[in-house]
Every structure is written in structure tokens, then in C-alpha cells.
Amino acid sequence: MASNAVIQNGGIPPLSDMIQAEFDFDKTSTIWKELLVLARQPGVCNLGQGCPDYNGHQVAREAAVQAMLDPDKSALNQYSMPAGLKSLQDAVCAYYNNVYGLREGQAKRAITPENVLITVGATEGLYNSMKALVGPGDEVILFNPGFPFYLPMIRLMGATPVFVELDGPDFAPDLEKFEKAITPKTRVLLLNSPHNPCGHCYTKEEIEGFARLALKYNLFVLSDEVYENTTFGDAKHLRLADEEGMFERTITLCSASKLFSLTGWRVGWALSTPELLKGLNVSHCMTSYCAPTPLQHGLAVALEAEDGTFEGIPKLVEGNAELLGSALREKGFGVTQPEGGHFLVADTSPLGLKGVECAKLMLANAKVSVVPGIIFYFADPNADETVDIDRPLLRFALCKRRDTIEEAVRRIRQMTFPPIPPPEIH
Ligand SMILES: Cc1ncc(COP(=O)(O)O)c(C=O)c1O
């Protein structure tokens with residue numbers, strides 16, 4: 001295969017088989033890229049990407065700027081230890097041991113700095129945790145739909161994804177289906193709560209069920225909890241690692257992108273035992289060595305000062321979910337009211353529309369950009385058929401200023417259904 005490819009590429013060697021396989025496999029990224037470009041056009045209300053349009057945490061930004069400019073803090077502009085700046089590790093511990101436990105109304109297991117590894121966002125934490133835990137021949141169980149990066153990460157390890165479908169309208173996990181997916185090759189359960197895109201928060205019963213299965217079948221868990229501070233109404237964020245016997249087999253991934261609305265800083269952390277973090281640290285050192293030091297400092301200062309309210313952002317997101325949810329219901333969408341996280345999903349089938357069709361229509365007729373649900377559905381690599389592009393689901397980002405959501409709602413209310421056909425996007 002290599003010699004043919006060399007000739008075809010005019011003498012340039014081909015990319016690795018693993019990367020080439022990702023290009024060939026990826027069926028949805030073209031839709032996503034097209035919509036991202038269109039969403040940036042002037043006058044568009046962008047509820048597409050989960051990227052805040054408000055300022056990130058003020059205390060963190062001020063402290064980071066100071067660290068960058070203060071001649072007495074020049075060391076804060078150099079490498080930190082790979083596991084993280086000690087002040088941030090300490091602040092993470094203080095936050096989880098004190099503020100977080102109080103907010104969620106439960107006694108939590110105390111963590112120490114050896115349980116904290118600072119990563120370049122949760123993305124890097126997830127990738128390198130995966131690297132530490134699985135390889136060719138291993139199976140990873142994950143829910144479908146989910147955060148799109150999970151699948152390429154598993155595939156890049158040479159491991160096999162096994163999907164368990166989440167059913168609407170609540171998209172809660174079915175533990176029986178989940179157990180049936182476990183085989184002797186299963187190594188990792190990949191969980192996410194609050195969930196992107198569906199907004200479900202695991203209940204105590206579900207958390208206990210996952211823990212029971214992980215212990216029964218001797219599995220690791222990667223628990224993606226990046227939206228941990230954003231739960232609505234009576235929903236609470238529950239940590240799987242707090243269950244008896246689970247801390248030892250769980251890596252919990254957290255993110256300053258979401259906690260502090262600083263998606264461009266690329267800082268997150270992994271919480272686990274020193275043994276599991278040692279594994280993660282091997283490839284963490286080889287991919288990034290450490291997260292940006294002055295930004296780690298800024299986050300340490302902000303986290304020390306944090307009382308759990310995060311400058312009111314979780315409350316803003318909750319209010320946005322209520323406003324948008326009721327406007328979409330009025331318009332005839334089937335709305336899954338989220339229990340947490342930064343997104344709301346809506347079923348377009350009551351309007352007689354498919355997801356991609358409806359997303360294009362909203363962009364063309366109301367200048368509101370949203371993401372078709374298909375982007376969050378993983379295609380089974382073993383299935384021959386192409387992706388079911390017709391899924392009637394849309395995802396709306398809620399991490400937006402109140403006036404952005406109000407404007408989007410105003411435009412959506414003015415839309416008429418059944419649709420005026422939109423122009424083709426090419
Ligand atoms: C569920 C989930 N996990 C992980 C990430 C990545 O977070 P980070 O920006 O910290 O890399 C995202 C980002 O949107 C996400 O939605």
C-alpha cells in the first residue's frame with residue numbers, strides 16, 4: 001500500500017494508516033465545518049459551538065495578566081512541574097474538599113495534591129487517560145450520542161468502541177443495556193455527566209449501578225465531569241469516584257474551560273489515585289509537558305477565592321435553558337429540558353423536519369445557528385451503512401449572554417413552520 005501511495009502523492013510519503021483511517025471514517029465533520037463557517041457570518045445568533053460569548057472569570061484573568069507582567073513573578077512564565085503548579089493543585093484540593101462538598105450537600109472523599117494532575121484542558125486529560133488505560137484489542141463502552149471527540153480518541157489507541165444507545169426524550173442510561181455490552185475485552189466505561197449534548201445528570205441510582213458494574217467486571221472508568229458546576233433545579237452533580245471502591249479505578253476529568261468560562265486557556269485537571277495519574281503522566285509529559293503556567297496561576301487565585309457561584313454563570317445558563325426551552329416548545333419542537341450542562345436538545349420530528357434540514361432552515365430564515373444532533377451520534381465502525389444523516393435532533397448552546405438568547409428566541413418565535421426551503425449549503 002505504501003509504494004502505491006507514494007506514487008499517487010507525487011513522491012510524498014502517506015500519512016500513518018491510523019490517521020488516514022480517521023479521515024476515511026469521519027462522515028460528519030464536513031457538515032460541522034460548513035455550519036461553523038456560516039455561524040460566524042455577521043448578524044448570526046450563534047447557539048452552535050459551546051463557546052461562551054461572555055467574559056471568562058475576572059479574578060482568573062487579572063491574576064494571569066499580573067503573573068505575565070510582574071518582573072517578580074517571572075518564574076510563573078516558565079515550565080511548571082508536569083503534574084501542575086503546586087498552588088493550583090492545592091487550590092483544586094481546597095475547592096473540592098471544602099466548597100464543592102458543601103454545595104452538593106454531601107461529605108466527599110478528601111483529596112490531596114497527589115490526586116490532582118493539571119492537564120491541557122479535559123481534552124488532553126481524556127486522550128492521555130485513554131492512552132494509559134487501553135490499547136489494541138481492548139473495548140471501551142460509551143453512550144451514543146456523546147461528545148464527538150471520544151470516538152477518534154478510542155480509535156487512535158487502536159481500541160474498539162462499543163456503543164450503548166441513549167433513548168429520548170430523557171436520554172437516561174439503561175443499565176441493563178449497558179451490562180449487556182460488557183465483554184471479557186471491556187476495559188473502560190466512559191461516562192459523562194452532566195451530559196453533552198442531552199443534559200442528563202446521573203441520579204444516585206444510576207451512579208450506584210455504574211459502580212456495581214465496574215466492580216463486578218473489574219473495569220476502569222473515565223468520568224468526564226467537565227460541566228460539574230452547572231446543574232439545574234433539584235438535580236445534583238454526583239461523582240462516581242465517591243462511591244465505595246470507585247476512586248481506585250476512576251479517572252475524573254474536569255475543565256477550567258467550563259468552570260471558569262475560559263475555553264481558550266486550555267487548562268483542566270484529572271483526579272485519581274497517584275498510581276493511575278502516574279500512567280496518565282507518561283504521555284502527558286510527551287504531549288504537552290505542562291499546562292500554561294501563568295494561566296494555572298490565574299486559576300489557582302480564582303479557585304482559592306471561589307465560593308461555588310462562579311460569577312453567576314451556572315445560574316445564567318439555567319435561566320437560558322428555561323427561556324429557550326419554553327420558546328421551542330411553543331414553536332412545536334419536542335424539548336428535552338436539561339438537568340445540567342451547557343446544552344439543550346430538541347426533537348424536530350413534530351415539525352416534520354430532519355435535524356440537518358432544520359439547522360439549515362434556522363440559519364437561512366432566522367440567522368440562528370445551531371448544531372444538528374447527528375454530529376453527536378457515533379457511527380459504528382463495524383457497520384457498513386452510512387451515518388443516519390436524518391436524525392431529527394438539534395443541539396442549542398446555552399452558555400451565551402442573556403441578550404443573545406433573547407434575540408435568538410425573538411427570531412425563532414417569528415419563524416414560520418412548515419418551512420420555506422433554505423438554499424443548499426455548498
Ligand atoms: C463533554 C465534554 N468533555 C470534554 C470537553 C473538552 O473540554 P476542554 O475544553 O477542557 O478540553 C468538552 C468540550 O466541549 C465537552 O463537552
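Read the figures in this text as sums done on the coordinates, not as results from a lab. Keep in mind that this is a model prediction, so the values were computed, not measured. Here the Cβ positions follow ideal geometry from the backbone for every residue, glycine too, while neighbour counts run over all protein chains shown.
Note on Lys331: lysines with a C-alpha under 19 Å away, same-chain residues under 8 apart excluded, are Lys354, Lys360, Lys367. Our compactness index for the chain, the C-alpha radius of gyration over the empirical 2.2 N^0.38 Å, is 0.99. Rounded to the nearest 5, what is the percent of antiparallel bridges among the DSSP beta bridges in segment 58-305? Around 30 percent of the beta bridges assigned by DSSP in segment 58-305 are antiparallel ones.
Measuring r between the beta carbons of Glu62 and Thr183 and using R0 = 51 Å, the FRET efficiency lands at 0.50. Beta bridges assigned by DSSP with both partners in the chain are antiparallel in approximately 50 percent of cases. Inter-part distance, segment 321-377 to segment 30-95, computed on C-alpha centroids, equals 28 Å. If you plug the beta carbon distance of Arg40 and Glu304 into 1/(1 + (r/R0)^6) with R0 = 41 Å, you get a FRET efficiency near 0.70. Taking a point 7 Å from the Cα of Met81 along the Cα-to-Cβ direction, the residues of segment 117-160 with backbone N closer than 18 Å to it are 117-120.
How high is the FRET efficiency between Thr287 and Arg413 when r is their beta carbon distance and R₀ equals 41 Å, given to the nearest 0.05? The formula returns an efficiency of 0.30 here. Which parts of segment 337-364 would a label at Thr203 reach, counting a residue when its backbone N lies under 17 Å from a point 7 Å out along Cα-to-Cβ? Within reach of a label on Thr203: 337-340.
With q set to 0.07, 0.12, 0.13, 0.15 Å⁻¹, the log10 of I(q)/I(0) for segment 58-305, from the Debye formula over equal scatterers at the Cα positions, is -0.22, -0.66, -0.78, -1.03.
With bins 5 Å wide beginning at 0, the percent of Cα pairs of segment 164-229 falling in each bin runs 4, 16, 28, 28, 17, 7, 1, 0. Helical runs (DSSP H, four residues minimum) scored at -39500 (n - 2.57) apiece and divided by the length of the chain put the mean residue ellipticity at 222 nm at -11500 deg cm²/dmol.
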